[in-house]
1. Tell me which residues, restricted to the range 167-211, are under 21 Å from GLY431 (Cβ atoms) and at pLDDT 95 or above.
2. Among the residues of the range 97-121 satisfying the criterion of being in contact with a Leu (Cβ under 7 Å, 6 or more places away or on another chain) and part of a loop (DSSP other than H, G, I, E, B), which is farthest from GLN470 (Cα to Cα)?
3. Confirm whether ARG55 is in a loop (DSSP other than H, G, I, E, B) and under 16 Å from ILE129 (Cα atoms).
4. Which of the numbered conditions does ALA115 fail, given that it passes all the others? Conditions: (1) outside the structural domain of ARG515 (by TED's automatic domain parsing); (2) of a type outside the set (Lys, Arg); (3) in contact with a strand residue (DSSP E or B) (Cβ under 9 Å, 6 or more places away or on another chain); (4) surrounded by 19 or more Cβ atoms within 10 Å (Cβ to Cβ).
5. Which count do you get for residues in the range 259-269 that are over 13 Å from ARG193 (Cβ atoms) and of a type outside the set (Gly, Ala, Ser)?
6. Only one residue in VAL489, VAL468 is crowded, with 22+ Cβ neighbours inside 10 Å, over 22 Å from LEU171 (Cα atoms) and within 24 Å of the chain's Cα centre (by Cα). Which one?
7. Please indicate, with yes or no, whether at least one residue in the range 438-451 is at pLDDT below 95, surrounded by fewer than 21 Cβ atoms within 10 Å (Cβ to Cβ) and more than 17 Å from TRP142 (Cβ to Cβ).
8. State whether the residues of the range 135-151 include one that is in a helix (DSSP H, G or I) and touching a strand residue (DSSP E or B) at 6+ places or on another chain (Cβ under 8 Å).
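The values are calculated or read from the model by the stated rules, or taken from the named source; none is laboratory data. Everything numeric here is computed off the predicted structure, so don't read it as measured data. When we count neighbours, we look across all protein chains shown, and the Cβ atoms used for this are built from the backbone with ideal geometry, even at glycine.
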Amino acid sequence: MPMAKDFVDLVPAPRSTAQGEGEFVLGEGTALAAAPGTEGAARWLRSTVGAALARPLPPGEAGAPDTVTLRLDPALAPEAYRLTVGTASVELVGGSAAGVFWGAQTFRQLLGPDAYRKACADPGARRGIRAQVVEDAPRFAWRGMMLDVSRHFTPKDGVLRHLDLLAAHKLNVFHFHLTDDQGWRIEIKRFPRLTEVGSWRARSKYGHRASELWRQEPHGGFYTQDDIREIVAYAAERHISVVPEIDIPGHSQAAIAAYPELGNTDVIDTTRLSVWDTWGVNPNVLAPTDNTLRFYEGVLEEVLELFPADMSPFSEFVHIGGDECPKDQWKASATAQARIKELGLTDEDGLQSWFIRHFDRWLADRGRRLIGWDEILEGGLAPGAAVSSWRGYAGGIEAARAGHDVVMCPEQQVYFDHRQAPGTDEPMPIGYVRTLEDVYRFEPVPPQLTEAEARHVLGTQANVWTEVMQDQGRVDYQVFPRLAAFAEVAWSALPAPAARDFADFESRMRSHYPRLDALGVSYRPPGGPLPWQQRPGVLGRPIDGSPPNV
């Protein structure tokens with residue numbers, strides 16, 4: 001139910017709240033009691049909230065006055081929590097360690113924007129929270145964001161910052177898009193040229209691919225294997241699953257530039273290819289050879305070691321892309337045509353399905369699950385595979401009806417590289433106009449699905465492609481505040497889209513913007529971009545404000 005207006009405005013909205021009398025004051029001597037299983041949330045509270053408010057939160061006795069008590073209650077759903085703020089003490093109960101952690105995020109919100117800073121600007125300030133009870137649980141198990149670090153690289157510290165921002169909004173899946181035509185971003189020790197060659201390009205298109213502008217300097221970077229281990233561990237401490245994406249068989253020019261034998265050598269001279277410096281759908285795809293299979297098996301062996309399956313609920317998944325794979329080179333390739341004949345396939349779509357099925361079996365044999373973009377439906381969906389439905393709802397509907405799990409992320413609703421408003425002042429406008437309200441009214445479960453079919457919808461995620469996002473500020477601008485609306489869609493038990501109270505959400509966002517300010521997020525202000533957020537003269541798509549031709 002909506003929160004009463006005299007409560008601190010929470011985002012995402014909780015399932016229920018009850019108002020009490022008086023308040024609890026978080027003082028310099030307030031203690032923190034962590035029952036077994038809640039130690040991680042206690043560490044997080046001390047290192048973030050405690051540091052931000054100059055409250056050391058020393059260990060205390062559960063239930064004692066002036067104490068915040070954390071404990072587990074198996075009667076609650078795993079990610080559910082109950083936060084009881086009394087005048088003398090606070091109790092936070094979760095169905096699991098994750099539930100306690102999400103409740104700790106709510107506790108932080110109740111303490112105000114200062115709780116989001118790195119250090120305390122006013123140690124003597126009074127930190128009061130009104131007495132209340134918040135009971136909450138998520139609607140969807142998979143609540144995610146995909147970040148593309150291939151088109152423009154995000155350094156490790158920026159990735160850790162993104163994980164903190166996801167956690168602050170109770171999102172629990174980080175889809176890590178690590179390879180593409182424009183850059184290979186993960187160290188693979190047995191194939192060092194993937195990063196020596198594949199992680200750098202000589203220049204970058206500035207703006208949409210139709211733009212005549214270029215950034216004439218090298219761009220690149222990659223994560224060492226220790227960087228990846230740190231990112232995965234940091235995410236796990238915040239109950240976030242990291243799902244790596246290694247693109248197969250399209251979006252592979254960076255890999256082919258590093259190892260030319262991976263390409264269709266009987267069609268083009270792959271030794272002349274370099275890491276791609278512009279945007280769009282690339283014709284250079286992997287050759288359907290045994291050598292290619294063995295190469296990517298070697299890549300994935302190292303990926304599986306870096307992303308253990310037991311870290312968090314969805315860490316068994318490995319994303320293999322499977323999208324936007326042009327078939328022209330396969331049609332012209334004698335090697336590819338011979339492979340089609342050898343396998344008894346009908347056409348090149350079947351060849352793409354063969355790629356996907358091979359790695360589905362390979363991953364399943366190692367206790368993992370494959371997930372790919374909805375093009376993996378072409379030529380037949382591999383048994384056990386899950387689908388990221390990006391080209392609208394149709395792929396997700398087809399997959400769910402066939403008994404496959406689905407993550408709904410249709411570009412028409414939750415691609416945050418797309419424009420936030422019409423008009424020419426949006427920086428490098430791309431794609432559909434999707435306002436904050438549009439995102440708030442997004443519904444992940446298609447009404448065409450039966451109740452049984454809808455259970456295959458694991459959840460939803462927003463996708464962030466970085467072709468025209470050169471730095472952290474540009475990513476912030478495209479993602480926020482829309483990620484806050486998306487988080488409420490993914491977490492909260494909202495009514496049907498037309499019945500959602502967007503005015504109430506906007507009202508609560510007035511309290512949320514100062515939290516984002518304290519975190520240093522360069523979000524799009526409600527009134528439009530600030531002068532330094534605009535990019536006048538840099539071509540986007542389309543340039544006339546009409547819908548894109550997609």
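1. HIS175, HIS177, ASP180, ASP181, GLN182, SER204, LYS205, TYR206
2. LEU111
3. yes
4. (3)
5. Going residue by residue through the range 259-269, those that are over 13 Å from ARG193 (Cβ atoms) are 263-269.
In the following step, the residues that additionally are of a type outside the set (Gly, Ala, Ser) were identified as 264-269.
Result for the range 259-269: 6.
6. The unique qualifying residue is VAL468.
7. The answer is no; no qualifying residue exists.
8. no
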